[in-house]
1. In the stretch 4-21, what residues are more than 15 Å from Cys50 (Cα to Cα), modelled with pLDDT of 95 or more and not aromatic (Phe, Trp, Tyr)?
2. Across the stretch 10-24, what is the number of residues that are polar (S, T, N, Q) and within 10 Å of the chain's Cα centre (by Cα)?
3. Please determine, by comparing only the residues of the stretch 19-50 that are charged (D, E, K, R) and touching a residue at least 24 places away in the same chain (Cβ under 8 Å), which one is surrounded by the fewest Cβ atoms within 10 Å (Cβ to Cβ).
Amino acid sequence: MIEEPLAQPPLDVLLATLCFLMSRYAANRCPALAEAVARHFMMLARHPDCRSEVLANMSQWLARYWKTAIKNSPDGRGLYH
């Protein structure tokens, strides 16, 4: 049996979700939210409708930034704590 890849959400939904996740992270600094932000930035970078090279490159950079910031945080709470 061949597994079908998961469907990508529309680009505007993905951007809205990223805004929501980052605002929730700002409110409570939850590591799981920070990890979700990183994953969503990578989804944005790889999205088939993301035709902007600048947006794709920045999204890849931000995904790595969020992952690194969480990993390097002494308490695991991530960015700006």
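The values are calculated or read from the model by the stated rules, or taken from the named source; none is laboratory data. This is a predicted model, so every value here is computed, not measured. As a convention, Cβ positions derive from the backbone with ideal geometry for all residues, glycine included, and neighbour counts pool all protein chains shown.
1. Of everything in the stretch 4-21, those that are more than 15 Å from Cys50 (Cα to Cα), modelled with pLDDT of 95 or more and not aromatic (Phe, Trp, Tyr) turn out to be Thr17, Cys19, Leu21.
2. Total satisfying the criteria: 1.
3. Asp49
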